[in-house]
Amino acid sequence: MLELIDIHKSYEDQPLLDGISFTVAAGETVCLLGASGSGKSTLLRIIAGLETPEQGQVCWDGQDLAPVPVHQRGFGLVFQDYALFPHLNVAANVAFGLKMQNRTDDEIDLRVASILEMVNLTGFGDRRVTDLSGGEQQRVALARALAISPRLLMFDEPLGALDRSLREQLMDELRRILHESGVPAVYVTHDQEEAFTLAGRVLLLHDGSIVRSGTPEQVWSDPGSVWAAQFLDAGNVVSGIVISSTSPFQVETSAGVFEFRCGHAHSAGEKVNLLVSRRGVRQAAHGRVSGVVMDVIFRQDGFKVTLENGLDFYLPDAPRIGEKIFLTVPENGIKCL
Ligand code: ADP
Ligand code: MG
């Protein structure tokens, strides 16, 4: 099990990682999701041993890895830019780590063949890596990382350089390979679709801290802060004032009154931020939320309706642009942040 304990790192007196702690258990895929520049790559480099934290520990099964050099940690790394050896063919790239482990040629050939099969590159062994497409090169990089039977895999935005359809295909394949191999993984990305597809657990990194962690579903449905809700684009963030202090609470906003239930205590006059789901909303003459329609976009599962007050919702029927509409918002579609 990988365990990070209170990792701190700063550059030029600017704190970048400000007390990061988490664990990755056997077989688990943990995705670290954060904006560009939030310190994701730095954290991976610290786990790999390429960078030293100012404070905190990286442990494996309770042992502090500080004295263990990079190549003895048994971790496999896959980067965005593949980092393959251009002068070696596919098989030699995959075999690289095995050669360093002084395995016999027969052993290496068998292992390379079985790993190439796992990443759907059977028959590619003799190809030059420079002749491969981006997606194929990334599979070679993954095969190289897997070949040494790592005890942990680390991915640094591995699909970032690929176009959308290829990214989706590789995402699904990666999910399968991670499940099949059972190797625990830390996957960093700024792309929430990737994180939500691959992760058993998502960690949101912001301002040097992990501000939220949980299953994709938990993090999505209850992001826990205005920043997280906006970063995930999990719904409308609306601020208002509590006007009734017993549940269901009522909150007055510039778009009308929202009614919701909440485990927290709220008092009248308190300022709150609500996360309002875009789904489950209906047009109704008695609706207490309203706005003038500014734009309507057809989507496969409804019309995305944007109001002049900045809110947007998915509605089953398209209203007219310029029309003032009244909406009911289900209580269970509202959370306080
Ligand atoms: P992410 O991978 O989330 O985009 P990084 O870990 O690459 O973030 O880096 C975050 C910030 O840390 C960078 O924008 C940079 O300002 C700073 N940083 C990273 N590495 C160094 C370094 N070696 N020297 C100085 N500053 C660095
Ligand atoms: Mg990075």
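Tabulated results
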| quantity | calculated |
| --- | --- |
| Residue in region 180-227 that is farthest from ligand 1 (Cβ to nearest atom), counting only those that are within 11 Å of residue 30 (Cβ to Cβ) and assigned to a helix (DSSP H, G or I) | 198 |
| Subset of region 241-296 [outside any loop (DSSP other than H, G, I, E, B), among the acidic types (Asp, Glu) and in contact (Cβ under 8 Å) with a residue 24 or more places away in the chain] | 259, 295 |
| Single unsatisfied condition, residue 3 versus (1) among the charged types (D, E, K, R); (2) modelled with pLDDT under 95; (3) more than 16 Å from ligand 1 (Cβ to nearest atom) | (2) |
| Members of region 61-70 that are surrounded by fewer than 18 Cβ atoms within 10 Å (Cβ to Cβ), not in a helix (DSSP H, G or I) and not charged (D, E, K, R) | 62, 63, 66, 67, 68, 69 |
| Residue, nearest to residue 185 (Cα to Cα), within region 48-84, restricted to residues that are within 12 Å of ligand 1 (Cβ to nearest atom) and within 20 Å of the chain's Cα centre (by Cα) | 79 |
| Output for region 8-29, where each listed residue is away from ligand 2 (no atom under 16 Å from the Cβ) and closer than 21 Å to residue 57 by Cβ | 8, 10, 15, 18, 19, 21, 22, 23, 24, 25, 26, 28 |
| Positions within region 1-50 being hydrophobic (A, V, I, L, M, F, W, C), surrounded by fewer than 20 Cβ atoms within 10 Å (Cβ to Cβ) and either farther than 20 Å from residue 198 by Cβ or free of Cβ contacts under 8 Å to residues at least 60 places away in the same chain (or both), in sequence order | 5, 16, 50 |
| Test: residue in region 268-278 that is over 24 Å from residue 226 (Cβ atoms), loosely packed, with under 15 Cβ neighbours inside 10 Å, more than 29 Å from the chain's Cα centre (by Cα) and among the aliphatic types (A, V, I, L, M) | no |
| Residue within region 39-46 that is within 16 Å of ligand 1 (Cβ to nearest atom), in contact with a strand residue (DSSP E or B) (Cβ under 7 Å, 6 or more places away or on another chain), assigned to a loop (DSSP other than H, G, I, E, B) and on the phi > 0 side of the Ramachandran plot present | yes |
| Candidate set: region 44-73, residues that are more than 17 Å from residue 148 (Cβ to Cβ) and charged (D, E, K, R); chosen: the one farthest from ligand 2 (Cβ to nearest atom) | 61 |
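One line per residue, one yes/no per condition, for (1) of a type in the set (Asp, Glu); (2) without any contact (Cβ under 8 Å) to a residue 40 or more places away in the chain; (3) more than 22 Å from residue 100 (Cβ to Cβ); (4) not assigned by TED's automatic domain parsing to the domain that holds residue 74:
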position	(1), (2), (3), (4)
123	no, yes, yes, no
130	no, no, yes, no
152	no, no, no, no
156	yes, no, no, no
163	yes, yes, yes, no
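The values are calculated or read from the model by the stated rules, or taken from the named source; none is laboratory data. From a predicted model like this one, the values you see are computed outputs, not experimental measurements. Heads up, the Cβs are rebuilt from the backbone with ideal geometry, glycines too, and the neighbour counts pull from every protein chain shown.
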